[in-house]
Structures are given as structure tokens and as C-alpha cells.
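Here's the structure we're looking at; comments come further down.
The values are calculated or read from the model by the stated rules, or taken from the named source; none is laboratory data. On a predicted model such as this, the values are computed, not experimentally measured, just so you know. Here the Cβ is made from the backbone with ideal geometry for all residues, glycine too, and neighbour counts use every protein chain on show. Heads up: the accessible areas ignore ligands, DNA and RNA and are worked out on the full protein's heavy atoms, side chains in. Shrake-Rupley method; radii C 1.70, N 1.55, O 1.52, S 1.80 Å.
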Amino acid sequence: QVQLVESGGGLVQAGGSLRLSCAASGRTFSNLYMGWFRQAPGKEREFVAAISWSGSSTYYADSMKGRFTISKENGKNTVYLQMNSLKPEDTAVYYCAANRQGLPRISRTYEYWGQGTQVTVSS
């Protein structure tokens, strides 16, 4: 089992920045992918970014590339999502997830999910 706890969400004005954290505990695996997804009200959950457990490979949704950066602090089993130039349309609940199956952009391959953290961007 892998336990995931997100933090760092909140309210920010358009153009601002936030950094989300995801602390992983329990039985972690060297072949894990760690991903961030988001879900806005009335919309489907969408892929944001992912990183391999080693940190050597990163993946981004096209709409987030250049504004969001995913990183991993290996010694602490913590994954971060740095979000810059935030827009009102980035408002959503952001979820951290872990995946042992590969295909890091596909939500159904993720076995473990955090509880989510709300990000609200005001205009």
C-alpha cells in the first residue's frame, strides 16, 4: 500500500503561484510513477503532470507545459507541483496519485490516490 497526502492548495489571484506537495509513505516501489491530476466542478478528471520515481522522466499536459513544473525530492519521498502564472481556469481539486503500471498520462492506471487539495484562482 502507498499512502499519499497532498498539501499546499489555497486561494491565489490570477498570475500568482502555488506549490503543491505530495508526501508518499508506506510501501513505495522503484517503478512507481507519481502523477498530478485535477478535476474542476462539472468536468472530468484531467492529467496535469507526472514524474518517474527516479525523477529522470517527466510528463506534462500540453496546456500546463511551461507554467507547471513537477519535481521529486528523493530523500523525502515527496513530489511537488510548482504552478506559476495561474489562471482562473486552473481552479480545481488537485489530486496526487501513484502508478506501478506505466502509462503515466492515463488516470485509470493509477492505483493509489490522495484526498485532493483545492486550488482556487480568482480573476
Notebook entry, point to check: Taking every DSSP beta bridge that has both residues in the chain, what percent is antiparallel when rounded to the nearest 5?
Noted result: 90 percent
Notebook entry, point to check: What does the charge dipole of the chain about its Cα centre add up to, to the nearest 20 debye, if the Cβ of each Lys and Arg holds +1 and the Cβ of each Asp and Glu holds -1?
Noted result: 160 debye
Note to self: Averaged across orientations, what area in nm² does the convex hull of the alpha carbons in the range 1-76 project?
What the structure shows: 6.2 nm²
Margin query: For the range 53-123, what does the convex hull of the Cα positions come to per residue, in cubic angstrom?
Written below: 109 Å³
Notebook entry, point to check: What ranking of Arg67, Arg27, Arg105 comes out by heavy-atom accessible area, probe 1.4 Å, highest first?
Noted result: Arg27, Arg105, Arg67
Item checked: Cross-link partners of Lys76 among lysines (Cα-Cα below 27 Å; sequence separation of 8 or more within a chain) -> Lys65
Item checked: Cross-link partners of Lys87 among aspartates and glutamates (Cα-Cα below 19 Å; sequence separation of 8 or more within a chain) -> Glu44, Glu46, Asp62
Margin query: Of Gln82, Gln115, Ala97, which is farthest towards the positive pole of the range 70-123's charge dipole, taken about the Cα centre with +1 and -1 on the beta-carbons of Lys, Arg and Asp, Glu respectively?
Written below: Ala97
Next item on the list: Calculate, in nm to one decimal, what Gln3 and Lys65 gain on full extension: separation in residues at 0.36 nm each, minus their alpha carbon distance.
Entry: 19.6 nm
